[in-house]
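The values are calculated or read from the model by the stated rules, or taken from the named source; none is laboratory data. Keep in mind that what you see is a predicted model, and the values were worked out from it rather than measured. Here the Cβ is made from the backbone with ideal geometry for all residues, glycine too, and neighbour counts use every protein chain on show.
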Amino acid sequence: MDLNLKYAIDEKLLNSYQNQVSAINEMIENKTGLGNDFLGWVDYPNTYDKEELERIIKDAQYVRNNFDILVVCGIGGSYLGARAAIEALGGLYPNRKLEIIYMGNTFSPTYTAQVLNYLENKKFAINVISKSGTTTETSIAFRLLKNLLEKQIGVEASKKAIYATTDKQKGALKTLCNKMGYSTYVLPDDVGGRFSVFTAVGLFPIACAGFDIKALLNGALAARLKYNNPILNTNDCYKYACLRDYMLKQNHKSVELYVQYEPQFIQISEWLKQLFAESEGKQKKGLLPDSVSFSTDLHSLGQFVQDGSPILFETIIRIQQPLNDVSVPHDKDDLDGLNYLENKKLSFINEKAFEGTLKAHVEDGLVPCAIITFEKLDEYELGYLFYFFMRACAMSAYLLEINPFNQPGVEIYKKNMFHLLGKKGY
Ligand code: PA5
């Protein structure tokens with residue numbers, strides 16, 4: 001992985017962060033900062049439950065051998081990491097025997113009805129994921145899925161088709177699992193949802209999709225070992241965190257725009273948006289994380305990025321080797337005028353789009369652009385990427401002097417909604 005800040009900032013401007021970075025690095029390592037009971041993710045690529053990992057791999061193989069569809073039922077941190085990984089590693093139309101679909105992440109009646117309809121008479125398994133075990137979207141979807149499954153294959157057979165990831169002891173989902181005897185995996189107490197992709201929350205669905213979760217953890221471990229280094233000018237992860245802070249406080253930017261050039265990475269941006277928004281958007285502080293998928297969005301938001309209010313900077317995530325490639329064919333009449341591109345690969349054209357856009361945004365638009373480049377994105381590199389951003393997020397949030405690991409703001413709408421729905425106690 002390479003971090004290039006030359007289109008974003010003169011790196012010397014970040015030197016003044018060194019003392020803060022050293023102190024915060026120690027806080028993260030020694031678990032002494034705000035929200036310190038949620039720092040289990042820091043060393044998780046080392047300390048994870050090895051037996052559970054083997055069980056996850058075995059169960060995932062069982063699901064792949066015995067079902068046509070896995071429904072991943074969760075919301076927020078209980079699904080975004082898995083989806084980001086599955087789409088990034090496999091693309092949007094993968095050649096995979098087991099189809100993965102997502103439910104429990106919306107109240108949408110149409111989406112819910114259509115998924116249930118699609119599942120009628122199909123061989124599907126369910127992975128329900130909820131740390132609290134009480135999230136309303138997930139619980140409603142799971143009740144519906146469980147009913148459909150039991151109707152299709154009976155209560156006993158359903159027990160072998162339902163896999164739950166939840167708290168070790170508490171919550172309604174855990175109670176139900178105990179009663180029904182479903183296979184369960186643990187989301188540890190000291191790991192919050194948006195930091196949970198390396199736990200069973202991410203690993204089980206990712207393994208079901210056929211990917212190497214040990215390599216994912218190895219990539220995370222490599223990043224963990226590299227980024228506990230307090231020396232700022234040799235630590236790209238902390239440089240990136242300081243850049244974010246500098247953009248907000250000194251450069252008066254209020255939006256960080258995540259940019260990528262492959263639709264299969266859109267869900268990585270969704271994961272990033274949740275990670276940073278829920279961790280930092282508190283006490284009237286923080287950058288708003290937003291995202292675009294280029295070149296698609298060069299034909300929409302691109303206008304604003306180039307020429308609109310100067311409120312944003314870009315963080316571009318570039319993957320040099322695409323999963324697949326296509327060449328432009330010859331056409332004897334050349335009526336579309338494309339023969340100048342004949343035999344050129346779309347990866348080459350995409351690269352030129354990136355280079356042209358970078359120049360336009362930096363030189364004409366005066367938009368600071370940070371560039372994170374990966375040669376390719378396999379399981380190992382993706383594990384590295386996830387860890388890089390999680391660690392950067394902790395550093396960045398502590399620079400803002402807030403607790404990165406709670407989300408008090410998301411409780412308020414829930415209270416109102418429960419009151420309106422007539423839930424007891426609201
Ligand atoms: O990051 C978080 O903590 C949240 O996004 C949660 O993951 C999300 O609200 C789902 O919660 P739960 O796993 O309890 O269903």
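Here are a few things to note about the model shown:
- Region 287-342: number of residues that are outside any strand (DSSP E or B), aliphatic (A, V, I, L, M) and either under 29 Å from D2 (Cα atoms) or touching an Asp or Glu at 6+ places or on another chain (Cβ under 9 Å) (or both): 9
- Helices (runs of 4 or more DSSP H) fully within region 190-273 that include at least 1 residues being of a type in the set (V, I, T): 200-208, 213-226.
- Which numbered condition T175 misses (of (1) in a strand (DSSP E or B); (2) farther than 20 Å from A82 by Cα; (3) of a type in the set (S, T, Y)): (1)
- Within region 354-376, the set of residues being surrounded by 14 or more Cβ atoms within 10 Å (Cβ to Cβ), part of a helix (DSSP H, G or I) and not hydroxyl-bearing (S, T, Y) comprises F354, L358, A360, H361, V362.
- Residue ranges of strands (runs of 3 or more DSSP E) in region 93-171 with at least 2 members within 20 Å of the chain's Cα centre (by Cα) and either surrounded by fewer than 16 Cβ atoms within 10 Å (Cβ to Cβ) or away from the ligand (no atom under 11 Å from the Cβ) (or both): 99-103
- Residue selected from region 276-291 under the condition away from the ligand (no atom under 15 Å from the Cβ) and within 15 Å of the chain's Cα centre (by Cα), by the criterion farthest from L399 (Cα to Cα): S291
- Cβ-Cβ under 6 Å pairs, at least 6 apart or on other chains, region 401-415 side near the ligand (Cβ under 10 Å from one of its atoms), far side in a helix (DSSP H, G or I): F405/F38; Q407/E278
- Among all positions in region 401-417, there is no residue which is under 17 Å from the mean Cα position of the chain (by Cα) and among the acidic types (D, E).
- Flag if L176 is farther than 21 Å from R318 by Cβ, within 16 Å of the ligand (Cβ to nearest atom) and modelled with pLDDT under 95: yes
- Just one of the listed residues (E351, E314, E342) is out of contact with any Ser or Thr (no Cβ under 9 Å at 6 or more places or on another chain), closer than 30 Å to P94 by Cβ and without any contact (Cβ under 8 Å) to a residue 40 or more places away in the chain, and it is E351.
- Pair list, Cβ < 6 Å and 6+ apart or interchain, from region 356-374 residues that are touching a residue at least 40 places away in the same chain (Cβ under 8 Å) to residues that are among the hydroxyl-bearing types (S, T, Y) and not in a loop (DSSP other than H, G, I, E, B): A370/T315
- Close Cβ contacts (under 9 Å, 6 or more residues apart or on different chains) running from residues in region 75-86 that are among the charged types (D, E, K, R) to residues that are more than 13 Å from the ligand (Cβ to nearest atom) comprise R83/I100; R83/Y102; R83/P205; R83/Q267.
- Number of the condition not met by D334 [criteria: (1) under 21 Å from V367 (Cβ atoms); (2) free of Cβ contacts under 8 Å to residues at least 40 places away in the same chain]: (1)
- Which listed residue is among the small types (G, A, S) and at positive phi, from G81, G35, G77, G40: G35
Yes/no matrix, rows are residues, columns are (1) within 16 Å of the ligand (Cβ to nearest atom); (2) surrounded by fewer than 22 Cβ atoms within 10 Å (Cβ to Cβ); (3) of a type in the set (V, I, T):
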{"site": "F195", "(1), (2), (3)": "yes, no, no"}
{"site": "V201", "(1), (2), (3)": "yes, no, yes"}
{"site": "A220", "(1), (2), (3)": "no, no, no"}
{"site": "L232", "(1), (2), (3)": "no, no, no"}
{"site": "E256", "(1), (2), (3)": "no, no, no"}
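- Here D43 meets each of (1) crowded, with 17+ Cβ neighbours inside 10 Å; (2) closer than 16 Å to P188 by Cα with one exception, condition (1).
- Pairing residues of region 146-166 that are among the aromatic types (F, W, Y) with residues that are in a helix (DSSP H, G or I) and within 16 Å of the ligand (Cβ to nearest atom), at Cβ distances under 8 Å and at least 6 apart in sequence or on separate chains, gives Y163/F204.
- On inspection, S183 does not qualify as surrounded by 24 or more Cβ atoms within 10 Å (Cβ to Cβ), touching a helix residue (DSSP H, G or I) at 6+ places or on another chain (Cβ under 9 Å) and among the small types (G, A, S).
- Scanning region 34-74 for residues that are over 14 Å from S183 (Cβ atoms), assigned to a loop (DSSP other than H, G, I, E, B) and more than 24 Å from the chain's Cα centre (by Cα) yields one hit, D68.
- Selection within region 45-92 - closer than 15 Å to L216 by Cα and within 16 Å of the ligand (Cβ to nearest atom): G81, A82, R83, A84, A85
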